[in-house]
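See structure below.
Derivation of every value follows stated rules applied to the coordinates shown; laboratory data play no part. Just so it is clear, the structure is predicted and the values come from calculations on it, not from any experiment. Positions of Cβ are backbone-derived with ideal geometry, glycine not excepted, and every protein chain shown enters the neighbour counts.
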Amino acid sequence: MSALEKAFAAAKAEGRAALIGYLPAGFPSVPGAQAAVAAMVEAGVDVVEVGLPYTDPVMDGPVIQAAADAALRAGTTTADVLRTVEAAASTGAAALLMTYWNPIERHGAASLARALADAGAAGVITPDLLPEEAAPWIAATDAVALPRVFLVAPSSTDARIARTAAACSGFVYAASTMGVTGARAAVSNRAAELVARVRPHTDLPIGVGLGVSTGDQAATVAGFADGVIVGSALVRCLLEASDEKAGLAAIHTLAADLADGVRRPVR
């Protein structure tokens, strides 16, 4: 059983959804990002998504874009990202990489998959990669038993959902709304409908992301999904903090609220 499977299984055994938190590597610094990951896990995050900063993040909203830009300007490298994945895995949480396809292609699919496996990664999320175009990546990840996560959206046809779910080996990422990432006042009411549409096509867990920013919203999503994914709200804690120490405190407080949220529903 992979670390990712164990994380979902442990949450299910407790009658709750898993809490999945995203932070980009290299922001506010490489050590600062690693400390922020540790703070999230200490507060109750089960699965960590480490973002690989990229110059053309088509799915990311302004908060994550700003953090990624700062990380790139500071000189964050793929080696720094791998070290951050390794640091995340060392906390005991399942550590995933979230990356667009271009950095994978540039690094080499087989090489990056092997490096991630060596770093203790529990999987990879590729938001802009379609399963039909993913043969090299599927082969590379299969070779090192690295779980894959692809995305579905409210606009996905049933045929698209079936193909995407079949290509996943970690969990299915259900984007709750159309558009870019970002905290929202309310989670889209289409999220529960999308999860219900995915269920007949897979036995894998289904995680819902895009928009969750509070414990109350996490509780709502945990009522129908297997994983609650939070990104922009956590990144904003670091982006708006006066210094790294304040950012870590804010991350811990929000993560604790989210962790409380996923534990509220009776599942």
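Full extension of the chain between LYS245 and ASP158 gives 26.7 nm of extra length, using 0.36 nm per residue less the Cα-Cα distance.
Note on ALA196 and GLU14: the extension gain reaches 63.3 nm, defined as 0.36 nm multiplied by sequence separation minus the Cα-Cα distance. Each stretch of four or more DSSP H residues adds -39500 (n - 2.57); spread over every residue of the chain, this sum gives -15000 deg cm²/dmol at 222 nm.
Summary of the geometry: region 226-257 and region 69-88, compared by the centres of their Cα atoms, lie 18 Å apart. Among residues other than PHE150 with Cβ under 12 Å from its Cβ, the summed charge is 0 (Lys and Arg +1, Asp and Glu -1). The share of alpha-carbon pairs in region 1-126 lying farther apart than 25 Å comes to 20%. Using +1 at the Cβ of each Lys and Arg and -1 at the Cβ of each Asp and Glu in the chain, identify which of PRO28, ALA66, GLY15 lies farthest towards the dipole's positive end. With unit charges placed on the Cβ atoms, the residue in question is GLY15. Screening the chain for whole DSSP H helices of 24 Å or more along their axis (Cα) with average Kyte-Doolittle hydropathy at least 0.0 returns 244-262. On the beta carbon distance between ILE138 and ASP69, with R0 = 30 Å, the FRET formula returns roughly 0.45.
Taking only the Cα atoms of region 7-61, the radius of gyration and Dmax are 13.3, 40 Å.
A straight line joining the Cα centroids of region 24-47 and region 137-178 runs 25 Å. Sorting MET59, MET1, MET40, MET98 by the number of Cβ atoms found within 10 Å of their own Cβ, with the fewest placed first, yields MET1, MET59, MET98, MET40. Normalised by the number of residues in the chain, the average gap of Cα pairs under 8 Å and 6 or more apart makes the relative contact order 23 percent.
Ordering PHE224, PHE27, PHE150 from the fewest to the most neighbouring beta carbons within 10 Å gives PHE224, PHE150, PHE27.
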